[in-house]
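Trainee: Below you'll find the structure I mean.
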Amino acid sequence: MFRKLLLALAMLAGMTSVAAAATAAIATGNVNLRAGPSTAYPVVTVVPVGARITTYGCLDGYSWCDIGLGAMRGWVSANYIQVVYRGAPVVLTPALAPRIGVVVVGYNRAYWDRHYVRYPWYSSWRYDPPIVAPRVNSFDRTVECANGTCTATRSTTGIYGGTATHNRTCANGECTATRDVDGPRGNTASRVRNCSRVDQSCSVTRTGPRGNSRTRVFER
């Protein structure tokens, strides 16, 4: 799968010279293509995992991006966009986007009129479609693999100051995932999950903001 994605992205990368603002990409999962940068907008279609897409730009902060799927245009979360960087497929992040030339674009009534006049829901949304304010200020995700070990890290900052970090490491048939949450008022909570392919079991330990802890073991 990795080789197929890399080959597809490499083929698309050669097409981006036609338009400097367009960046070839791949969809990392089945995701709704929406008529605007928010889940409040109607669904244009579903972008299937592995589909070849073109990224025309993203909102400031790179949370939502304007993409093309065939003849259709719309918006998806940047978390579902995979591009080629330094010869490897990686998920588009706010730190990476400027380096590969993904520009900042806006959203307005002209975009709505240009792309959705013929859709059945066009008239009911024609007057200033609502934009739901994001509940996160930033989101970042990285994946690194070396010597048979892969580590993935996700971090999110909330609009009220809270943060969440999720680390997952897998090697030799075993995975350990740790999630730490810091609330905006200083409270903390965590979850540690260990799974082993050898004995077909997982253990999950949750620790609440008051220090109380509980562990559960699951066996197949």
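The values are calculated or read from the model by the stated rules, or taken from the named source; none is laboratory data. A quick note: this is a predicted structure, and the numbers were derived from the prediction, not measured. Note that each Cβ is placed from the backbone with ideal geometry, even for glycine, and that neighbours are counted across all protein chains shown. These area figures cover heavy atoms from the full protein model, side chains too; ligands, DNA and RNA do not enter into them. Shrake-Rupley method; radii C 1.70, N 1.55, O 1.52, S 1.80 Å.
Trainee: What residue, among those in segment 179-208 that are part of a loop (DSSP other than H, G, I, E, B) and among the charged types (D, E, K, R), is least open to solvent (accessible area, probe 1.4 Å)?
Mentor: Selected residue: 199.
Trainee: Same structure again: Would you point out the residue of segment 67-85, among those that are open to solvent by 50 Å² or more (accessible area, probe 1.4 Å) and part of a helix (DSSP H, G or I), that is modelled with the lowest pLDDT?
Mentor: 79
Trainee: Now, a different point. Exactly one of these conditions fails for residue 99: (1) more than 17 Å from residue 153 (Cα to Cα); (2) under 18 Å from the mean Cα position of the chain (by Cα); (3) part of a loop (DSSP other than H, G, I, E, B). Give me its number.
Mentor: (3)
Trainee: Among the residues of segment 105-122, how many are open to solvent by less than 40 Å² (accessible area, probe 1.4 Å) and part of a helix (DSSP H, G or I)?
Mentor: Total satisfying the criteria: 3.
Trainee: Go through segment 34-52 and count every residue that is buried (at least 22 other Cβ atoms within 10 Å of the Cβ) and part of a strand (DSSP E or B).
Mentor: Residues flagged as buried (at least 22 other Cβ atoms within 10 Å of the Cβ) and part of a strand (DSSP E or B) within segment 34-52 amount to 1.
Trainee: Check whether at least one residue in segment 53-66 is at pLDDT below 95, small (Gly, Ala, Ser) and assigned to a strand (DSSP E or B), and report yes or no.
Mentor: yes
Trainee: Now for a different question. Being of a type in the set (Phe, Trp, Tyr) and more than 21 Å from residue 141 (Cα to Cα) is the filter here; which residues of segment 45-83 pass it?
Mentor: Initial filter on segment 45-83 (of a type in the set (Phe, Trp, Tyr)): 56, 62, 64, 75, 80.
Within segment 45-83, 56 is the sole residue that qualifies.
Trainee: Considering segment 156-178 alone, what residues qualify as being among the hydrophobic types (A, V, I, L, M, F, W, C) and part of a strand (DSSP E or B)?
Mentor: Hits for segment 156-178 are 164, 170, 171, 175, 177.
Trainee: Related question: What pairs come up if the first residue lies in segment 102-121 and is closer than 18 Å to residue 59 by Cα, the second is open to solvent by 50 Å² or more (accessible area, probe 1.4 Å) and of a type in the set (Val, Ile, Thr), and their beta carbons are under 8 Å apart, counting only those six or more places apart or on different chains?
Mentor: Matching pairs, first to second residue: 107/131.
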